[in-house]
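Before any comments, here is the structure.
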Amino acid sequence: MIELPHLIASIRQYRYRYESERELQEGLERVLFAYAEQWRCGPLEREFRFSPQDRADFFLDGIAIEVKIAGPLGNVTRQLFRYAQHPAVRAILLVTSRSRHGNMPSEMNGKPVHILVLPAIV
């Protein structure tokens, strides 16, 4: 099972050049695939569907990973709360460029929520 602090540390080791959410997702995907392969923690799934309305950017070993570079805090919070309702989710990681997204609850539906702010390097 993945240790979330270790995963976050692995993501932080890299610099991400991006101007759009899609570019950040692509950079993060390379890191996550390498992490999943190195730690043999199960498959990394991209655009993982929990329901017709809920689709996380990535899903790895019970961790829903969402990438946001824009959007109001309320909208992002509601989206992550919906993810927390799904039994397959054991933790949520929000990867964002917005420090204001750090005002998220640290737990939703009894599941830990971690915020990782990655500043853009363009």
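Considering only the range 16-30, state which residues are farther than 18 Å from Leu60 by Cβ and either buried (at least 18 other Cβ atoms within 10 Å of the Cβ) or free of Cβ contacts under 8 Å to residues at least 24 places away in the same chain (or both).
Tyr18, Arg22, Glu23
Name the pairs whose Cβ atoms lie under 6 Å apart, with the first residue in the range 1-15 and assigned to a loop (DSSP other than H, G, I, E, B), the second at pLDDT below 90, and 6 or more positions between them or separate chains?
Filtered contacts from the range 1-15: Ile2/Cys41; Arg15/Ile121.
Report, ordered by the first and then the second residue, all pairs with beta carbons closer than 7 Å, sequence separation of six or more or different chains, a first member in the range 82-94 that is more than 23 Å from Glu21 (Cα to Cα), and a second member that is assigned to a strand (DSSP E or B).
Arg90/Ile63; Arg90/Lys111
The values are calculated or read from the model by the stated rules, or taken from the named source; none is laboratory data. Since this is a predicted model, take the numbers as computed values, not measurements. Cβ coordinates were reconstructed from backbone atoms using ideal geometry, including for glycine residues, and neighbour counts include every protein chain displayed.
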